[in-house]
Amino acid sequence: MAGKVRRLGILTGGGDCPGLNAVIRAVAKTAFYRYGIEVVGIANGFGGLIENEHFLLNDSHVSGILHRGGTILGTTNRDNPFRYPVGSDNSNPVYGDVSGRAIANLERMGVDVLVVVGGDGSLFIANEFHKKGVPVVGIPKTIDNDLSATDVTFGFDTALNTATDAIDKLHTTAESHHRVMVLEVMGRNAGWIALQSGLAGGADIILIPEIPFSYDSILAKIEARKSRGKRFSIAVVAEGAKLPRGEQVFQEVVKDNPLRNRLGGVAEVVGREIERLSGMETRVTVLGHLQRGGAPTPFDRNLGTRFGVKAVEMAVLREVGRMVCLCSGTIQSASLSDAVAEQKLVRPDSELVRAARSVGTSFGD
C-alpha cells in the first residue's frame, strides 16, 4: 500500500451524529476534484469491512447531503474486527480476531488509505489497524465531545443545540405548573452536553459524572429558590452521573462485554428522590436519540467539511496513523495513539464550571 494514492476508503463507525454526511461529502469532493482520486464507501462501519460490503462513490452519492443528519454509508457500534462473534458455545457468543480478513478485503478493494470517521472506540480500532500496517487517517466524531486530542468533535454542537432547546421548552411548563423538571442528556462518562446545555439554558441544577452530588445539596438549592419565590426548578442530568453512593444507572448490562453496557435511567431515579424529599411535583424527560438526529448546525457542517478536506490532504501526503483535530481554531492533526489515550472529561475546577457556579447553578456538591 505504498506510492501514489489512487483510491481512498471511508467508513463511519460507532453511533451516528449530525455532520457525518458533511465529512463524507468533503472527503469525496476533495478527492475527486482536487486530486483525481477514487473513493470507496464502506457500508455499516467495520462490519462492512469484515463482510466486504462497499461501493464506489460518485458525485451523485454526495450531492445534496450536506444538510442531512445520519450517514449515507450506514454505521454500527457493535462490529470490532479484533473481537468479532465467530460462533457460540452453549448459547454464549465466541469471539475471534478477523482483522486479517478485513485487511484482505481492503487490499481487494484497492484501497491505498483508509479514512475512519468515529469516536474513541472506532478510532481505537483504527489505531490497531495502523499497528498492523494499514495506512489510516482518523476523523473525530461524537456528540459526547470526549476525545482529548481535539478541542471539539463534530456532532457535539448540534446535540448541544437540541438539549438547550429542550431546556428552553421545559422552562415554560415547569413555571406554569410549579414543578421540578429533570432532563436527562447523553454524554456517557463525560458531562459536556449537560454542562454546556445547562449553562446555556439557565438550569438551576446540573449533575455530571465528574462531580459527586448529594440529595441534600439538591434539596437545599430547590428550597433556596422557593424562599425567593421561585416555585419551580430545572435540573439537567448527564446519563453517566453517579448516584450518591457512586453507582451508575444502566439500561442494559452486557455481561460478556462491559464496554457495551448502555447508560440511561439516572434521571428517573433522581426525579423520584427529588419528589419524595421536596414534596414538589417532579417530571422527567429523557432526550435520548433526539440528540443524535436532525440537520447539523452550521458549525458542525463547517467543521465536518474542514475535517474531511484535511483528511484527504493527509492521505495524499501519507501522514497516516494520525487523526484530524481542531486546536485553537485551526485544523491540525494528532497521532491516533494520543487521540485515544484518555477521555476528555470536565474538570471540576474548569472555567465553565466556575462560570456556572458564579451565576448560581448548583452541581449538587
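Every residue, every condition in (1) within 20 Å of residue 103 (Cβ to Cβ); (2) in contact with a Phe, Trp or Tyr (Cβ under 8 Å, 6 or more places away or on another chain); (3) modelled with pLDDT of 95 or more, yes or no:
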site	(1), (2), (3)
3	yes, no, no
8	yes, no, yes
28	no, no, yes
53	yes, no, yes
67	no, no, yes
84	yes, yes, no
I'm told residue 301 meets every condition in (1) more than 20 Å from the chain's Cα centre (by Cα); (2) basic (Lys, Arg); (3) not in a loop (DSSP other than H, G, I, E, B) except one. Can you identify the failing condition by its number?
(1)
Restricting attention to segment 327-365, which residues are surrounded by 15 or more Cβ atoms within 10 Å (Cβ to Cβ) and among the charged types (D, E, K, R)?
344
Failed item, numbered, when residue 25 is tested on (1) under 21 Å from the mean Cα position of the chain (by Cα); (2) in a strand (DSSP E or B)
(2)
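If you take the residues in segment 175-197 that are more than 18 Å from the chain's Cα centre (by Cα) and buried (at least 21 other Cβ atoms within 10 Å of the Cβ), which one is farthest from residue 261 (Cα to Cα)?
Taking segment 175-197 as the starting set, the residues that turn out to be more than 18 Å from the chain's Cα centre (by Cα) are 175-183.
Subset that is buried (at least 21 other Cβ atoms within 10 Å of the Cβ): 180-183.
On the way: 180: 29, 181: 27, 182: 23, 183: 21 Å.
Restricting to residues being more than 18 Å from the chain's Cα centre (by Cα) and buried (at least 21 other Cβ atoms within 10 Å of the Cβ), the top hit is 180.
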Among the residues of segment 315-348 satisfying the criterion of being aliphatic (A, V, I, L, M) and in a loop (DSSP other than H, G, I, E, B), which is nearest to residue 130 (Cα to Cα)?
320
Output for segment 65-83, where each listed residue is touching a Gly at 6+ places or on another chain (Cβ under 6 Å) and of a type outside the set (A, V, I, L, M, F, W, C)
69, 75, 76, 77, 79
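Could you check, for segment 53-60, whether at least one of its residues is acidic (Asp, Glu), farther than 23 Å from residue 288 by Cβ and under 25 Å from the mean Cα position of the chain (by Cα)? Outline the logic, then answer.
Within segment 53-60, the subset acidic (Asp, Glu) is 53, 59.
From what is left, the residues that are farther than 23 Å from residue 288 by Cβ are 53, 59.
With the extra rule that they be under 25 Å from the mean Cα position of the chain (by Cα), the set shrinks to 53.
Yes: one or more hits.
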Quick one: which of 97, 89 is outside the structural domain of residue 260 (by TED's automatic domain parsing), surrounded by fewer than 16 Cβ atoms within 10 Å (Cβ to Cβ) and either of a type in the set (A, V, I, L, M, F, W, C) or touching a Lys or Arg at 6+ places or on another chain (Cβ under 9 Å) (or both)?
97
In segment 198-239, anything touching a helix residue (DSSP H, G or I) at 6+ places or on another chain (Cβ under 7 Å), surrounded by fewer than 19 Cβ atoms within 10 Å (Cβ to Cβ) and acidic (Asp, Glu) is listed as none
Under the condition of being touching a strand residue (DSSP E or B) at 6+ places or on another chain (Cβ under 6 Å), modelled with pLDDT of 95 or more and in a helix (DSSP H, G or I), which residue from segment 168-194 is farthest from residue 226 (Cα to Cα)?
193
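Which of the residues spanning segment 36-62 are part of a helix (DSSP H, G or I) and surrounded by fewer than 16 Cβ atoms within 10 Å (Cβ to Cβ)?
Taking segment 36-62 and keeping what is part of a helix (DSSP H, G or I), we get 46-51, 59-62.
Passing the criteria: 59, 60.
Please determine whether any residue of segment 69-77 is loosely packed, with under 15 Cβ neighbours inside 10 Å and either in the same structural domain as residue 135 (by TED's automatic domain parsing) or β-branched (Val, Ile, Thr) (or both).
So in segment 69-77, the residues loosely packed, with under 15 Cβ neighbours inside 10 Å come out as none.
So far as segment 69-77 goes, no, none of its residues is loosely packed, with under 15 Cβ neighbours inside 10 Å and either in the same structural domain as residue 135 (by TED's automatic domain parsing) or β-branched (Val, Ile, Thr) (or both).
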If we ask which residues in segment 128-174 are in contact with a Cys (Cβ under 8 Å, 6 or more places away or on another chain), over 16 Å from residue 344 (Cα atoms) and surrounded by fewer than 24 Cβ atoms within 10 Å (Cβ to Cβ), their number turns out to be 0
Can you spot a residue in segment 264-284 that is surrounded by 14 or more Cβ atoms within 10 Å (Cβ to Cβ), closer than 30 Å to residue 67 by Cβ and either in contact with a Leu (Cβ under 8 Å, 6 or more places away or on another chain) or assigned by TED's automatic domain parsing to the domain that holds residue 75 (or both)?
no
Scan segment 163-192 for residues that are closer than 15 Å to residue 299 by Cβ and touching a Gly at 6+ places or on another chain (Cβ under 7 Å) and report the count.
1
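The values are calculated or read from the model by the stated rules, or taken from the named source; none is laboratory data. Just so you know, these numbers come straight off a predicted model, no measurement behind them. Note that we place each Cβ from the backbone using ideal geometry, even for glycine, and neighbour counts take in every protein chain shown.
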